[in-house]
1. Would you mind checking which residues have amide H under 5 Å from residue 164's amide H? H placed 1.01 Å from N; only 5 or more apart, or other chain.
2. Quick one: which residues, 5 or more positions from residue 19 or on another chain, have an amide H under 5 Å from its amide H? H modelled 1.01 Å from N in the peptide plane, none for Pro or chain starts.
3. Starting from 0.36 nm per residue, how many nanometres of slack lie between residue 288 and residue 344 once their C-alpha separation is accounted for?
4. Normalised by the residues of the chain, what does the relative contact order come to in percent, with Cα pairs under 8 Å and at least six apart?
5. If you take the Cα Rg of the chain and divide it by 2.2 N^0.38 Å, with N the number of residues, what do you get?
6. Given the whole protein assembly as supplied and a 1.4 Å probe, what does the accessible area of residue 225 come to in Å², nearest 10?
7. Going by average Cβ density within 10 Å per residue, which order do the peptides 330-336, 93-99, 33-39 take, highest to lowest?
8. Determine ³J(HN,Hα), in whole Hz, for all residues of region 220-236 in sequence, where each value follows from phi through the Karplus function 6.51 cos²θ - 1.76 cosθ + 1.60 and θ = phi - 60°; x replaces Gly and Pro.
Amino acid sequence: MNAANKRSSGTLQRRRVPLPWPKGQYFRILSIDGGGIRGIFPAAFLAGLEQRYLGGGSITGYFDLMAGTSTGGIIVLGLAAGLTSAQVSRLYVERGCEIFPPIPDNCLGYLLRKTRRVLQFFRFRYDRKSLLRILRSSFGDRRFGDAGTRLCIPSFDGSYGEPYIFKTPHHPDYRLDRYERMLKVAAATSAAPTFYIPLEDGGYKFIDGGVWCNNPVMMALVDVLSCFDVPRERIRILSVGCGIRPYVVGNIKLKIGGLFAWHDIMHAAMRLQSHNAIGQAGLLIGKDQIVRVDAPDYAYRIGMDDWTSAVEVLPGAAETALEEHGNRVARVFFQELVTMYKPVPDGGDGLVRTRPGDV
């Protein structure tokens, strides 16, 4: 294992030189959480915005940077590849069953679900082939650097034990990810532990970005503040969630403890990371600068692989959220198109950390 290949080995030891930003112009961020098939909610919500306020046109032209984790990463990659939110939403609704095959709601289905949960303690639940087939049909061989907008997509590198953020070439310092395929980035950010085997590529073992950054709002804001000379009061954020499970410490955890009682601690980590990220972002730019739209409280009961329940419940929940938040979102984010994004030209120095993979 060569430490020189670590993502952090190229970390700047000085403050990044910020690029100029047009005076008086807002910087608008779209941030989408992770959540598996519950990504139907943000996809359907954004599709509703497009239909109601943009005449069916894509929302991509109204955001200067998009960030997404896991299923959120897949959504923003789809938007950056030229799909509308409606097209992304249809992929989830119509083909999500190929990724997460539904189990019949009968006695046999009950036994299958119980068996699957037991087996998940010893092996991965799903094969990635179905997911890759659908992503390939949407992204083709598009390169990450050809995205139609600035992107930040988190993953986790299990080879070196470090967070890993895929970044489009929107700053001269970002030279590592330009030639990665969108397909690989999508697979890397969505390699959920226990669901999929880690994605091995170029000496890295990529794991779902949700293990450290399920809500990428703060990651996106820090990127903007470090890359651009934009006043904090001129930043606006639309943050969309997939529903977060409430985490309560009950009597079993208090009185017995141990791994059995605390086996679900990852849910607490994800929920608290999201709350903290939103809180920190609010402290930096003001809570009134952030529009947070999340799936309703009952959405957390839908498993991240329960396509049947997600399709039945979440499109309606998105419509309800559209009624509640739509006018504000349109007023804050849809008044004018953003300035066209142009990637920083390739310096031709050959700085590509990872080889093209076999994804």
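1. Long-range HN contacts for residue 164: 155, 156, 157.
2. It is 228, 229, by chain and number.
3. Contour length minus Cα-Cα distance gives 17.0 nm.
4. Worked out over the chain, it gives 27 percent.
5. The chain yields a ratio of 0.97.
6. Counting only protein heavy atoms, residue 225 exposes about 40 Å² to solvent.
7. 33-39, 93-99, 330-336
8. For region 220-236, the Karplus-derived couplings read 5, 5, 4, 4, 5, 5, 8, 9, 9, 8, 10, x, 4, 6, 9, 9, 10 Hz, x marking Gly and Pro.
The values are calculated or read from the model by the stated rules, or taken from the named source; none is laboratory data. Owing to the predicted nature of the structure, the values given are computational and were not obtained by experimental measurement. Here Cβ is always computed from backbone atoms with ideal geometry, including for glycine, and neighbour counts include all displayed protein chains. Ligands, DNA and RNA are stripped out before the accessible areas are found, and what is left, the full protein with its side chains, is counted by its heavy atoms. Shrake-Rupley method; radii C 1.70, N 1.55, O 1.52, S 1.80 Å.
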